[in-house]
1. Quick one: length gained pulling residue 122 to residue 20 fully straight, 0.36 nm per residue minus the C-alpha distance?
2. Most exposed first by the Cβ proxy, i.e. fewest other Cβ within 10 Å, how do 174, 202 rank?
3. If you count, for each residue, the other Cβ atoms within 10 Å and average over each peptide, how do 179-188, 72-81, 18-27 line up from highest to lowest?
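Rule-based calculations on the coordinates, nothing more; no lab input. Everything quoted here is computed from the prediction, not taken from an experiment. As a convention, Cβ positions derive from the backbone with ideal geometry for all residues, glycine included, and neighbour counts pool all protein chains shown.
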C-alpha cells in the first residue's frame, strides 16, 4: 500500500505542476483523490506503514487544491512537509504543555536567544520561517484551543495570546522570511510570499484537515467502510470482515447494544 499510495500522490502532484498555475482538479482528478483517501482508511491497522508526507500531501490536495481551488504546487509541498515534521517529530518547539494544551510561544523569545547566542537557529531567515510555521501549525491544527476563550499572559495578567495573534505574526514572519536574502538563495521567496499573503486561506484549509483527518476522523467515510465490511461479512461469513467492521465501529464510538449483529459471538463450526 505504501509504495502505491506514494506513487499515486506523486502523479497527482505532477498533474498540478503541469497545470502551470491553473487548477486542473476536474472530475477525474477529484475521484482519484477520494479513491486514495478511501484507500488510506481501507485498512486502519496499516495506516502507520504509509509514508506520512504522502498522506499529508494527499490531505492538503483534498482540502486546499480540490475544495478551495488553489493552484500552487509549491505550497502543497511546503505544507505537506511542515505537517509531517511537526506531527511526526514535533520539530522546533514543544508544542504542548504538561496538561496537553498547545503552548504559547513568542517571537521575542527567539530574538533574545539569538542575541545570547543560545538559539537553535543559524540565522534570522530560519527563525522567521520556522516561527511562521509554528504559528500556522498551531492555529491550523488546534483551532479548538482558541475557541475556549482568550489566553492569559505568561505573568498571569490580562489575556494576551489568541488566534488573531498567531495570524498576524505568522503573516508578518513569512513576509520577513521572504524579504531575507536567503529566500532567493533557497528559491523559497514566491512560496513564502504566498503563505504570507493568503495565510487565512491556508489556515482555514488546515482547520478542515485537522477536524477531518488529524484530531478527528472523516466519520462519513468511516461509516461507509464499516457498512462495507459488515455487508462482506453477511455475504461470506468470514469473521475477519466482521472484526474489521468492529474496528471502524470503535472509531465511531457506536453503542454495541444498538448493533448486536456486530458483537454477538460467532457460532462454532460443527465438524
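1. 33.3 nm
2. 202, 174
3. 72-81, 179-188, 18-27
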